[in-house]
Amino acid sequence: MGQRDIYHTTVVNALVKEGWTITHDPLIIAYGRQNLFVDLGAEKLIAAERSGRQIAVEIKSFISPSGVSDLEDALGQYLLYRSLLARKEPERVIYLAVPAAAYTNVFRSPVGEVALQDFALRLVVFDAEEETIVEWIE
């Protein structure tokens, strides 16, 4: 298991404020002889449904000098986890959690917009200081 992202607790708190229950910290994907670790698994009960909405959340800080390099690393993990979850837990939807500044500086850039469109990324944009979710990008 890798080291937790600097925004791990921030994202947990923001999700809880929105009514999510953290069910896994981390969410382990066992595939073959490998175990992969998505930062969080969460569930939210939806009115009039017995089962809740299940998500997986991979948290990325985007604090290196190169936002594009951070994007490359994040994409690799996100796409691998998404493929494995589709096979193991198809009801669970994966999101990439990013701070608002990273969304503005990286994902709203031409390269970031191509990644959002071509890879059908789902993002959770959060305010690190307020520990709130700013936007869900589907």
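Note on the chain: GNM, Cα springs under 10 Å; of Val93, Val111, Val12, the largest mean-square fluctuation is that of Val111.
Dimensions of segment 44-138 from C-alpha coordinates, computed as largest minus smallest value along each principal axis and given longest first, are 45, 32, 19 Å. Across all directions, the average flat footprint of the convex hull enclosing the Cα atoms of segment 1-107 is 7.4 nm². The aspartates and glutamates within cross-link reach of Lys17, meaning a Cα-to-Cα straight distance under 19 Å and a gap of 8 or more places when in the same chain, are Asp25, Asp39, Glu43, Glu58, Asp127, Glu129, Glu130, Glu131, Glu135. With contacts taken as Cα pairs under 8 Å and at least 6 residues apart, the chain reaches a relative contact order of 22 percent. Using a Gaussian network model of the chain in which every pair of alpha carbons under 10 angstrom is joined by a spring, one finds that among Arg122, Arg108, Arg92 the greatest mean-square fluctuation is at Arg108. Amide H to amide H distances under 5 Å link Ala97 with Glu58, Ile59, Lys60, Val124, where only residues 5 or more positions off or on other chains count and H is placed in the peptide plane.
When the solvent-accessible area of the chain is split by element, carbon and sulfur atoms take up 50 percent of it, the probe being 1.4 Å.
In the context of the full set of protein chains, segment 60-138 has a per residue accessible area of 53 Å² (1.4 Å probe). Measuring spread by the Cα atoms of segment 30-85 yields a radius of gyration and Dmax of 14.8, 46 Å.
Shape of segment 75-131 from its Cα gyration tensor (a ≥ b ≥ c, root eigenvalues): rounded if a/c is under 1.5, otherwise prolate when a/b > b/c, or oblate? In terms of gyration-tensor shape, oblate.
The values are calculated or read from the model by the stated rules, or taken from the named source; none is laboratory data. Values in this document were obtained by computation on a predicted structure and should not be read as measured data. Just the protein is used for accessible areas: all its heavy atoms, side chains included, with ligands, DNA and RNA removed. Shrake-Rupley method; radii C 1.70, N 1.55, O 1.52, S 1.80 Å.
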